[in-house]
Amino acid sequence: MNYAILLAGGTGSRISSDIPKQFLRAGSHMMITEALKILMGCDRIDGICIVSDPARRTEIESDIRSAGYDTSKLISYADPGQNRQISALNGMNELIVKQGEPGENDTVLIHDAARPFLSGELLEKIYDSLDGHDGVMPVLPMKDTVYFSEDGKKISGLLDRSKVFAGQAPELFMFKKYYEANVVLVPDKILNVNGASEPAIMAGMDIVMIPGEERNFKVTTDADMERYLTVMGENR
């Protein structure tokens, strides 16, 4: 079975809004609905768990239905955690409660509700690239010169940008191995995890990189929100 976890528990503290960004609307529908439609429409995905504030769940389902999307793959919700990675682990725990222990061939995809422009083409490439590996991460090459600073105040050195990449979501993993890689980090080490692939790399899992897409950006700041609204306007 192939599962997906959509992380929608963030508070969006870097956006000038009292409403978390993933629940802001561009036109009729919320950002999270844009992110969900690709996951729900993907034949590779058997079931989806959304990590969100319980108070938002009725609104999420209502918005999905009003957009005309099938909710049959939405099998569960999980509560947000103390950080993004604990939220992902909460999602995995909820899937295990609902679906049972993951089998050797089961997979889990981790995506952000704040990345609403994931393309079906990239999602297919992610699944196609998993064969022979433990996980897949889409990445973008670094365009700018990249410097290293020991203290965050002055330049300590120059990094080879051909060896530095910006990771994107969604990231796909073999469920059983990835779950175990996260559990061993509880309770303290997981608090320092910033990216979904970090526990996998720490556990020695084989994570392959594939080219990501510029359009698959994460809405984090007000500038990102402006970009999101512009793209949504162009799509109408």
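No value in this document is a laboratory result; all are computed from the given coordinates. As the structure is a prediction and not an experimental result, all values here were calculated from the model. Backbone-built Cβ (ideal geometry, glycine too); neighbour counts: all protein chains shown.
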TODO: Mind checking which of Ile50, Tyr147, Ser17 is farthest towards the positive end of the chain's charge dipole, using Cβ charges of +1 (Lys, Arg) and -1 (Asp, Glu) about the Cα centre?
DONE: Ser17
- [ ] Considering Cα pairs under 8 angstrom that are at least six residues apart, work out the relative contact order of the chain and quote it in whole percent.
- [x] 24
TODO: Go through Lys163/Lys189; Lys21/Lys154; Lys125/Lys154; Lys73/Lys177 and tell me which ones have a Cα-Cα distance over 32 Å in this structure.
DONE: Lys21/Lys154; Lys125/Lys154
Open item on the list: Which one, Ala113, Ala55, Ala67, has the greatest fluctuation when you compute a Gaussian network model over the chain with C-alpha springs under 10 angstrom?
Closed with: Ala55
TODO: Assign unit charges at the C-beta atoms only (+1 for Lys and Arg, -1 for Asp and Glu), then state the dipole size of region 2-235 relative to its Cα centre in Debye, rounded to the nearest 20.
DONE: 460
Task: Helix-derived mean residue ellipticity, 222 nm - over the chain, DSSP H n ≥ 4, -39500 (n - 2.57), to 500 - done: -9500 deg cm²/dmol
- [ ] Mind computing the radius of gyration and Dmax over the alpha-carbon atoms of region 14-117? Å is fine for both.
- [x] 13.8, 44
Open item on the list: Strictly greater than 30 Å: what percent of every Cα pair in the chain meets that?
Closed with: 24
Task: Residue of Ile110, Ile96, Ile45 that the Gaussian network model of the chain assigns the largest fluctuation, springs spanning Cα pairs under 10 Å - done: Ile96
- [ ] Find which of Gly135, Val97, Ser87 sits farthest along the positive direction of the dipole of region 84-168, computed with +1 on the beta-carbon of Lys and Arg, -1 on that of Asp and Glu, about the Cα centre.
- [x] Ser87
Task: Around Ser197: net Lys/Arg minus Asp/Glu count, Cβ-Cβ under 14 Å - done: -3
Open item on the list: I need the GluC sites (Glu not before Pro) found in region 158-236, filtered to DSSP loop residues with at most 14 other beta carbons within 10 Å of theirs.
Closed with: Glu214
